[in-house]
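A.B. asks: Dropping the structure in here first, questions after.
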C-alpha cells in the first residue's frame, strides 16, 4: 500500500464515524419527524380533496398546487431566510422540518387520494348495505385497502425524503451532507468524502427498503383474493 492509498484509507476510517453520527443524530430524526407530520398533513389534505364541501376542496387543491409547483429548495429558503425579514425567526432544524413536512404532505396527499379513489364503489355500497355510515365505511372498509395500495409509493416517498434531507445543509443544519462538506474543507479530499457520504445514504436507504418489503408483506392480508 503506497502513501497515497494509506492516507485516503486513514481519512475514510477517521471520517466514517463522525459522518454516521451526523446521520443518526440529525438526518434520521429529521426524516422521521418530517414524514410523520407530513403523513398526517397528507391524510387530512386527501380527505379535504375528497370532501363534499367545495371550500375544503379548493383550499386543499391550492395548497397542493403551490407546493408541487415550486422547488423544495426555494421553499426552505423562504422559511429560513425569507421569514426573518418579517420578524419570524425559525431555527434550522425546525425550518427544515416545516419545509419537508409540507412537501411530503402535498405529494403524499395525491398518493392517498388516488389510493382511496381506486377502491371499487361496490365496497362503499356493501358497507352501506349493512348499516355503516360514511365515516365507518371509510375507516373499516376503504382505508385498510387503500393503505395497502398506497404503501409502496409512500414508502418510496419516505426513502426519497431521506435523501432530500441533504438540502437541509443549505439552511446551515449540520446533517450528514453538511458534515461531509465540513470534513472536506479540512482534508481536501472531496471525491473520497462525497463518495463516503453517498455510501452512508445508501446504507440507510437499503435498511429502509428492507423495512418497506416487510410492511408490504404484512399488508398483503388486505389483498383481494
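A.B. asks: Where does the chain land at 222 nm, in deg cm²/dmol rounded to the nearest 500, when only DSSP H runs of n ≥ 4 count, each adding -39500 (n - 2.57), divided by all residues? Please report the intermediate quantities before stating the final value.
C.D. replies: Working: 10 runs with 165 residues, N = 225.
Value at 222 nm, helices only, nearest 500: -24500 deg cm²/dmol.
A.B. asks: So, by mean Cβ neighbours within 10 angstrom, what's the order for 137-146, 171-180 with the highest one leading?
C.D. replies: Values: 137-146: 17.3, 171-180: 22.2.
The packing order, highest mean first, is 171-180, 137-146.
A.B. asks: When 25, 121 are ordered from fewest to most other Cβ atoms inside 10 Å of their Cβ, what list results? Each step should come with its number before you reach the end.
C.D. replies: Values: 25 14, 121 8.
Ranking 25, 121 by Cβ neighbours within 10 Å, fewest first, gives 121, 25.
A.B. asks: Here's a follow-up. Once you keep just the Cα pairs under 8 angstrom separated by 6 or more residues, what percentage relative contact order results for the stretch 3-222?
C.D. replies: Working: 214 pairs, mean separation 62.7, N = 220.
This gives 28 percent for the stretch 3-222.
A.B. asks: Follow-up. Rounded to the nearest 10 degrees, what's the angle between the helix 3-22 long axis and the longest principal axis of the chain, both from Cα atoms, 0 to 90?
C.D. replies: It works out to around 40 degrees.
A.B. asks: A further question follows. For Cα extents along the principal axes in Å, which listed value, (i) 64, 36, 26; (ii) 48, 37, 34; (iii) 77, 50, 23, comes from the coordinates shown?
C.D. replies: Recomputing Cα extents along the principal axes in Å here picks out (iii).
A.B. asks: Relative to the longest principal axis of the C-alpha atoms of the chain, give the angle of the C-alpha long axis of helix 28-49, reported between 0 and 90° and rounded to the nearest 10°.
C.D. replies: Once rounded, the angle reads 20 degrees.
A.B. asks: Tell me, 89, 197 in order of fewest to most beta-carbon neighbours within 10 Å? Could the numbers behind the result be given before it?
C.D. replies: Details: 89 10, 197 23.
Going from least to most buried by this count: 89, 197.
A.B. asks: Oh, and also: What is the order of 188, 128, fewest Cβ neighbours within 10 Å to most? If you can, show how the numbers build up before the last one.
C.D. replies: On the way: 188 9, 128 14.
By the 10 Å Cβ count, ascending, the order reads 188, 128.
A.B. asks: In addition: Quick check: the angle from helix 190-218's long axis to the longest principal axis of the chain, C-alpha only, nearest 10 degrees?
C.D. replies: So the inclination is approximately 30 degrees.
Each reported figure results from applying straightforward, stated rules to the coordinates on display, with no laboratory input. Everything quoted here is computed from the prediction, not taken from an experiment. Cβ atoms come from the backbone with ideal geometry, glycine included; neighbour counts cover every protein chain shown.
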